[in-house]
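Here the structure is laid out as structure tokens; the discussion comes afterwards.
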Amino acid sequence: MLMNSLKDSAKKLRKRGKTYSEIKQILNVFIPQSTLSDWCKNIPLPEKYFKKIKAINVKSQKGAVEACKLKREIKIAKIIDRNKHLSPLLKNRNIALISLSLLYLAEGSKTKRGSLTFGNSDPFIIDMFLDLLRKCYKIDNSKFRCTVQCRADQDIKKLEKFWSKITKIPPSQFYGTRIDKRTIGKKTLKLEYKGVCRIDYFSADIFTELMKLPRILHAGP
């Protein structure tokens, strides 16, 4: 195909709203992108061209997001696979006790010397704390108390029922739910948010041991 004829054909296709990639495919001739851009720089494009480009961009972005998601899932799977052998170690009381003391050091209250006070909004963390506590010590369930702290527009009864199921602490051992007054008139946007659950367990001995243990570990033999 002669150059002028090729140029005219390319310009006609561009007027019809074809992309540069489509033009090269239709003409079945290699044309540098810069050459096509120069030939077609003053050609007005139809509305359908912009709709097409938008659709291509959306598809491309979606593909990139899916690829990133898959990459992350593969990475997480590898992390799980190389660490799954550690799970049985928590059956050892000493290792479970170390884990419990470090968890309490990070998330627990250090001021109430007569009891443990541990709070979090993540059901997994609350469940892990109680599971470790029950593994490491002979627990008197009657010494547990639970307090829910929530936003003003949340259903208190549903939250108390939810946390009672997670903690295995009966509703009769729940203190009155505390509502954050700063949230009055403000809508809760995160529907999965279940407020904060605070666990109190009355034992000065356990509190003292959990507070001392990290320092003993850090000091070494």
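The values are calculated or read from the model by the stated rules, or taken from the named source; none is laboratory data. Worth saying up front: this structure is predicted, and the values here are computed from it rather than measured. Here the Cβ is made from the backbone with ideal geometry for all residues, glycine too, and neighbour counts use every protein chain on show.
Could you identify the single residue in Thr183, Thr177 that is β-branched (Val, Ile, Thr) and touching a helix residue (DSSP H, G or I) at 6+ places or on another chain (Cβ under 8 Å)? Exactly one residue qualifies, and that residue is Thr177. Within segment 168-221, restricting attention to residues that are over 24 Å from the mean Cα position of the chain (by Cα) and assigned to a strand (DSSP E or B), which residue is surrounded by the fewest Cβ atoms within 10 Å (Cβ to Cβ)? Here the residue is Arg178.
Against the numbered list (1) surrounded by 14 or more Cβ atoms within 10 Å (Cβ to Cβ); (2) more than 26 Å from the chain's Cα centre (by Cα); (3) in the same structural domain as Ile199 (by TED's automatic domain parsing), Ser142 comes up short only at (1). Tally the residues that are of a type in the set (Lys, Arg) and within 17 Å of Ser5 (Cα to Cα), restricting the search to segment 17-42. Summing the residues that are of a type in the set (Lys, Arg) and within 17 Å of Ser5 (Cα to Cα) in segment 17-42 gives 1. Could you check segment 1-115 for helices (runs of 4 or more DSSP H) lying wholly inside it with 3 or more residues that are hydroxyl-bearing (Ser, Thr, Tyr)? So the answer is 33-39, 93-107.
Within segment 122-144, being of a type in the set (A, V, I, L, M, F, W, C), in contact (Cβ under 8 Å) with a residue 40 or more places away in the chain and touching a Leu at 6+ places or on another chain (Cβ under 8 Å) holds for Phe129, Leu132, Leu133, Cys136, Ile139. Can Thr117 be described as touching an Asp or Glu at 6+ places or on another chain (Cβ under 6 Å) and of a type in the set (Val, Ile, Thr)? Yes: the conditions hold for Thr117. From the list Ser109, Ser99, the lone residue that is out of contact with any helix residue (DSSP H, G or I) (no Cβ under 7 Å at 6 or more places or on another chain), under 30 Å from Arg145 (Cβ atoms) and assigned by TED's automatic domain parsing to the domain that holds Tyr137 is Ser109.
On the stretch given as segment 45-101, residues that are surrounded by 10 or more Cβ atoms within 10 Å (Cβ to Cβ), of a type in the set (Ser, Thr, Tyr) and within 30 Å of Cys136 (Cβ to Cβ) total 2. Of everything in segment 102-136 that is closer than 15 Å to Phe207 by Cβ, among the hydrophobic types (A, V, I, L, M, F, W, C) and buried (at least 17 other Cβ atoms within 10 Å of the Cβ), the residue that is farthest from the chain's Cα centre (by Cα) is Cys136. Does segment 148-159 contain any residue that is more than 24 Å from Leu90 (Cβ to Cβ), touching an Asp or Glu at 6+ places or on another chain (Cβ under 9 Å), hydrophobic (A, V, I, L, M, F, W, C) and in a strand (DSSP E or B)? Yes, segment 148-159 has at least one match.
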